[in-house]
1. Taking a probe of 1.4 angstrom, what is the accessible area of Arg53 in Å², to the nearest 10?
2. List residues of segment 129-160, by number, whose backbone nitrogen lies under 13 Å from a label position 7 Å along Cα→C-beta of Lys191.
3. Taking R0 as 22 Å, what FRET efficiency do you get between Leu146 and Ala182 from their Cβ-Cβ distance, rounded to the nearest 0.05?
4. Please find the FRET efficiency linking Glu174 to Lys4, where r is the Cβ-Cβ separation and R0 is fixed at 22 Å, and quote it to the nearest 0.05.
5. Kirkwood Rh over Cα pairs of the chain into Stokes-Einstein at 4 °C, 1.567 mPa s: D in µm²/s?
6. Could you name the lysines in cross-link range of Lys156, using Cα to Cα under 24 Å and dropping any fewer than eight places away on the same chain?
7. Using a ≥ b ≥ c from the Cα gyration tensor of segment 41-157 (square roots of the eigenvalues), is it rounded, prolate or oblate, where a/c under 1.5 gives rounded and otherwise the larger of a/b and b/c decides, a/b for prolate?
8. For every other residue with a beta carbon closer than 15 angstrom to the beta carbon of Asp40, add +1 if it is Lys or Arg and -1 if Asp or Glu, then tell me the sum.
Amino acid sequence: FGFKVACLAAVGSDENGREILKNLKAKKVDTKLIKRVVGDSGFSFILIDKSERIIFTQRGVNSSLVIDKKSEKFLEATKNIYISSLSGDWLKNLDKIFKIAENKKIKVSWNPSQSQYQVGLKKLSPFLKQTYLFAINKDEAIELALMSQTKKLSAKFLNDEKNLLKIIKSFGPEMVMITSGAAGAFVYDGKSFYYQGILKEKRRVDMTGVGDVFNSTFVAGLNIYEENIKKALLLAARNTASKIAHLGAQNGLIKIKK
């Protein structure tokens, strides 16, 4: 999409680590923030059947990621930070990222992993209040909603995306997005609700990475279209539909000029 981007991650000293770096450089992703750690790189293999998949993962040196002074200086110079799943001492890394973002007025979009949102709202609350876009799927949204309520919520109430969006928006993020598989995506910015249905893909080959593609493309779209949520959602849907027609999480991504 024409952005200057860098990846902050840890890779091993093995052949996979070298291939990861080679791939990032080929995609014109800055690798200055990649940490080379002695050991095996994170590795997955995926079984696909009729476009559904099971992913087996060995996290390797992923948990060795540390945000050092060099990384902090680099992060201070950026305009947007997108956080996906973190492992290892992720709470400490998360704290560093959000402190930098607060000091430098950087927009942080966050799509947490299961281990992150399950630590409870008390620990997540300070970060949620600083989050620009908080993106989760419907099952995760229901779990977070249940954590926050002292009274029992009915299944009918929890099945309504608008109810979930309102509850999670009350935690402090500027904008909330809930993805719900074939049902599409729902966004709430505190004023209006937005919806984007899925676009019919030319062929359905592989669902790997669809959540990451949709969420990150939406964030990119907000930048490209100057926070026009409808346009950003449509771009995310288009990119996801294109990816689904190809094997792997990176193949088939669309290209546009700003």
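1. Result for Arg53: roughly 90 Å² accessible.
2. Those under the cut-off are none; the list is empty.
3. On the way: r = 23 Å, r/R0 = 1.06.
The computed FRET efficiency comes out at 0.40.
4. Working: r = 23 Å, r/R0 = 1.06.
Computed FRET efficiency for Glu174 and Lys4: 0.40.
5. Numbers: Rh = 19.3 Å.
For these conditions, the coefficient is 67 µm²/s.
6. Straight-line reach from Lys156, under 24 Å: Lys138, Lys166, Lys169, Lys191.
7. Numbers: a/c = 2.04, a/b = 1.14, b/c = 1.79.
Judged from the Cα gyration tensor, segment 41-157 comes out oblate (a/c at least 1.5, b/c at or above a/b).
8. Summing Lys and Arg as +1 and Asp and Glu as -1 gives +1.
The values are calculated or read from the model by the stated rules, or taken from the named source; none is laboratory data. Bear in mind that the values here come from a model prediction, so they are computed numbers and not experimental data. With ideal geometry, Cβ positions are generated from the backbone for all residues, glycine too; neighbour counts draw on all protein chains shown. These area figures cover heavy atoms from the full protein model, side chains too; ligands, DNA and RNA do not enter into them. Shrake-Rupley method; radii C 1.70, N 1.55, O 1.52, S 1.80 Å.
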